[in-house]
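Novice: If you scroll down you'll find the structure; I have some questions about it.
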Amino acid sequence: MSAVIEKTAFVADDRSEAQQLTAAAGSQCLTEAEVDPSSVDVLIYAGVYRTKNIMEPAFVHLVQKEMGLNLNPKFSDRSTRTFSFDILNGECGFLNAAQVVGSLLARTADPEKDDELGAVRRALVVSGDSSPSGRTDERFPFLASGAAALFSWSPDPSLGFGPLSVGSTPSSTKGTGIDGASFLGEPADHRSFASIKVEPSYASDALSLASEVAGSYLHTYEIDAGSIDVVVSSQPHPEFNAKLASAIGADRAVDVADKLVSPGNPHSASLTFGFDAAARAGMIQSGTKVLFVAVGSGMSGACAIYQA
Amino acid sequence: MTASPSLGYTRLESLGVVHPERSRPTEELIAEMPNPPAFDMVDLTGVENRRWRGEGEDSLSLATDAANKCLSASRYEAADLDVIISASITRFHGEARFQYEPCLARLIKDEIGCRPDAIDFDLGNACAGMLTAIWTLDSMIQSGAVRRGMVVSGECITPITDSAILEISEVIDDQFASLTVGDSGAALILDGSPEPGIARLSAMDFVSVGKSAELCMGMPSDQGNGVVMYTKAIELHKAAINRIPKLVKQHLADRGVAQIDYDYAIPHQTSSRAIATAMELCEPHFSPFPEVCGTIDQFGNTSSTSHWVVLDKYRQDGRFEPGEKMLLLALASGLVLGCVTMTFEEKVLA
């Protein structure tokens, strides 16, 4: 076990622009955690659909600028430095980022390692998507939102994220589930629009893959489904979480699924939304066992256990 | 983020670099411009030629070709990879199709035959993407999360040149830098084995200068011409040029070294004048001054693959000896700056 979530935040309001929403979530998360923003060593943006379909720089830098996070570092003072980059993998990106953060924190925590050199003690993973136009657009199928999760290292090896497992359905079988692209040769306002196609069978295909990846994870790591308190999952529709928890036999998680339903599909922000909703409902206490299950375009699925 | 001796040092096990076959000289591009620049582009940038995507070549095909080339030079097979990270800026998959999901790593993973349970994700950090991905994978290996993995990037970037040729209209135009880029693919495999490989990663340091986040921006064209890149070249140069030597100084100071005997340096391939200026400013930190490696004359700025394009060319020419030290300097939109120190292990011939 390695990385623990100190605090989360989720923002979905009348704003509809990714940079503002993710920065708002990031700032809210740090404020509520009562953490000096300059102590964030690594910032990762794990979203997909970003303002104006900007390709360069990595979108995280625009979020960092909006947050005012260590914008003018002194190289000799690591407390003024925040290194940032994007991770992109549809709805699974958050779990990829969580694993990367776990590795970065683990290296710093090694007792034989030089203490200060390149220390990563705190990492902030922000996510969330919006229509590239930055405005409400009915063609954008997801909930415009921003989310943030603050990670740090726990010395207790039984806490935090366990290993990450991924699974996939070949595109030859079911298509890619969700296909998001800009068709730049066609006349359109390509800064305002991304073509996002969701397969008609996506909801049931996603449930199948999520159940398979989660079920396989529980088997591999010998985790009793009945011991799972909360399933935090992707949210292609409001009943998905309950159906998934039921499919894998996580009966306790079925009972609380209705508290984790989001107002729309937060896409890349789904997992942070779910954990945040659970935390704010008082469901995340010491000893709570959470199963994170993501499923998305590929089709790809990812699963990790989390011990609060 | 240094690997201390107790953790071991990550090995660069294999490398594959590909270039499209077609080479286009700068004069040819200038001749197509309705509003050609008033200055000598070759003299200013050092870019004489660049490789240009062929029919059917895109970010995905260049990445896959590089990945397969890397595997053919590797002790491993695709099924041995625990993780694959695609680090390109460009995401072209199909004619003028810029793909957001599925991620490119997933498509490459399936194409080259990785295990279904291999981790895959894209990592983006503009021209510092591959080095950032290497830094990330290094931590994943040294923390025990994975045993070995691939970092790959297929950069189909000359579409921004197509746009620049048509759209440049000012005497000082923000799209001039788009005339310096070239296409390529690069892939490398990292692991934690103590056996000698191509090189060993010794130390890596990266920093983001957020106040300069908007000095170089790539996005779809607003004139219907695919994709564009706007570079405020003067401001970007100013923001980077004094910070690079400061980061090099810190990179060494953090390891208790005032000066170091690097044998080679590979700066990010932006322009020959900017590279020369940056290296000159770094001179106090070197003893002696390293050989500065570059391929900007023949390949231009290949964005995230640049360091590996250079390293591969010099490697093919049999230039590196075991024990020699290399400094890679990252410079990317963000503003991202980075130093990577590595030491060669095997002498690799073409």
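Novice: Would you tally the residues in the range A:1-59 being touching a helix residue (DSSP H, G or I) at 6+ places or on another chain (Cβ under 6 Å), farther than 15 Å from A:Thr82 by Cα, of a type outside the set (Val, Ile, Thr) and crowded, with 22+ Cβ neighbours inside 10 Å?
Specialist: Within the range A:1-59, residues that are touching a helix residue (DSSP H, G or I) at 6+ places or on another chain (Cβ under 6 Å), farther than 15 Å from A:Thr82 by Cα, of a type outside the set (Val, Ile, Thr) and crowded, with 22+ Cβ neighbours inside 10 Å number 9.
Novice: Among the residues of the range B:160-182, is there at least one that is touching a residue at least 60 places away in the same chain (Cβ under 8 Å), within 30 Å of A:Ser165 (Cα to Cα), out of contact with any Cys (no Cβ under 8 Å at 6 or more places or on another chain) and in a strand (DSSP E or B)?
Specialist: No.
Novice: What's the number of the only condition in (1) more than 28 Å from B:Asp120 (Cα to Cα); (2) in a helix (DSSP H, G or I) that A:Pro73 fails to meet?
Specialist: So A:Pro73 meets the others, but not (2).
Novice: May I pose another question? Which of (1) modelled with pLDDT under 95; (2) buried (at least 19 other Cβ atoms within 10 Å of the Cβ); (3) over 30 Å from A:Pro132 (Cα atoms) is the odd one out, the single condition B:Gln259 does not satisfy?
Specialist: (2)
Novice: Might you let me know whether the range B:24-42 holds any residue that is closer than 20 Å to B:Gln269 by Cβ, part of a strand (DSSP E or B) and either modelled with pLDDT of 95 or more or touching a His at 6+ places or on another chain (Cβ under 6 Å) (or both)?
Specialist: yes
Novice: A follow-up question, please. Among (1) more than 8 Å from chain B (Cβ to nearest Cβ); (2) modelled with pLDDT of 95 or more, which single condition is A:Leu164 missing?
Specialist: (1)
Novice: Here is a follow-up. Which residue is surrounded by the fewest Cβ atoms within 10 Å (Cβ to Cβ), if the candidates are limited to the range B:303-338 and must be more than 13 Å from the chain's Cα centre (by Cα) and part of a strand (DSSP E or B)?
Specialist: B:Lys325
Novice: Name the pairs whose Cβ atoms lie under 9 Å apart, with the first residue in the range A:249-274 and of a type in the set (A, V, I, L, M), the second surrounded by fewer than 16 Cβ atoms within 10 Å (Cβ to Cβ) and assigned to a helix (DSSP H, G or I), and 6 or more positions between them or separate chains?
Specialist: A:Ala250/A:Gly226; A:Ala250/A:Ser227
Novice: Can you run down the residue pairs with Cβ atoms below 7 Å, 6 or more apart or on separate chains, where the first is in the range A:226-248 and among the charged types (D, E, K, R) and the partner is in a strand (DSSP E or B)?
Specialist: Close Cβ pairs (under 7 Å, with a partner that is in a strand (DSSP E or B)) amount to A:Asp229/A:Lys289; A:Asp229/A:Val290.
Novice: How many residues are in a loop (DSSP other than H, G, I, E, B) and either farther than 23 Å from A:Ser103 by Cα or of a type in the set (Ser, Thr, Tyr) (or both) when one looks only at the range A:30-69?
Specialist: Qualifying residue count for the region: 7.
Novice: Condition test on A:Ala194, is it in contact with a Ser or Thr (Cβ under 7 Å, 6 or more places away or on another chain) and within 30 Å of B:Ser221 (Cα to Cα)?
Specialist: Yes: the conditions hold for A:Ala194.
Novice: In the range A:179-205, which residues are buried (at least 19 other Cβ atoms within 10 Å of the Cβ) and in contact with a His (Cβ under 9 Å, 6 or more places away or on another chain)?
Specialist: A:Ala181, A:Ser182, A:Leu184
Novice: Still on this structure, I have one more. Taking the criterion of being more than 9 Å from chain B (Cβ to nearest Cβ), under 19 Å from the mean Cα position of the chain (by Cα) and of a type in the set (Val, Ile, Thr), would at least one residue in the range A:64-84 satisfy it?
Specialist: So far as the range A:64-84 goes, no, none of its residues is more than 9 Å from chain B (Cβ to nearest Cβ), under 19 Å from the mean Cα position of the chain (by Cα) and of a type in the set (Val, Ile, Thr).
Novice: In addition: Enumerate the pairs (first residue in the range B:105-125 and more than 10 Å from chain A (Cβ to nearest Cβ) and under 13 Å from A:Gly298 (Cα atoms); second residue anywhere and at pLDDT below 95 and in a loop (DSSP other than H, G, I, E, B)) with beta-carbon separation below 7 Å, excluding pairs fewer than 6 apart on the same chain, so at least 6 apart or on different chains.
Specialist: No pair meets every condition.
Novice: If the requirement is being at pLDDT 95 or above, surrounded by fewer than 24 Cβ atoms within 10 Å (Cβ to Cβ), part of a helix (DSSP H, G or I) and hydrophobic (A, V, I, L, M, F, W, C), which of these qualifies: A:Leu271, A:Leu209?
Specialist: Answer to the check: A:Leu209.
Novice: Further, regarding this structure: If we keep just the residues of the range B:219-271 that are part of a loop (DSSP other than H, G, I, E, B) and of a type in the set (Lys, Arg), which is farthest from the other protein chains (Cβ to nearest Cβ)?
Specialist: The extreme case among them is B:Lys232.
Novice: Which numbered condition trips up A:Val232, out of (1) surrounded by fewer than 18 Cβ atoms within 10 Å (Cβ to Cβ); (2) more than 12 Å from chain B (Cβ to nearest Cβ); (3) not in a helix (DSSP H, G or I)?
Specialist: (1)
The values are calculated or read from the model by the stated rules, or taken from the named source; none is laboratory data. This one's a predicted model, so the numbers in the text were calculated from it and none came from an experiment. Reconstructed Cβ throughout: ideal geometry from the backbone, glycine too, with neighbour counts over all protein chains shown.
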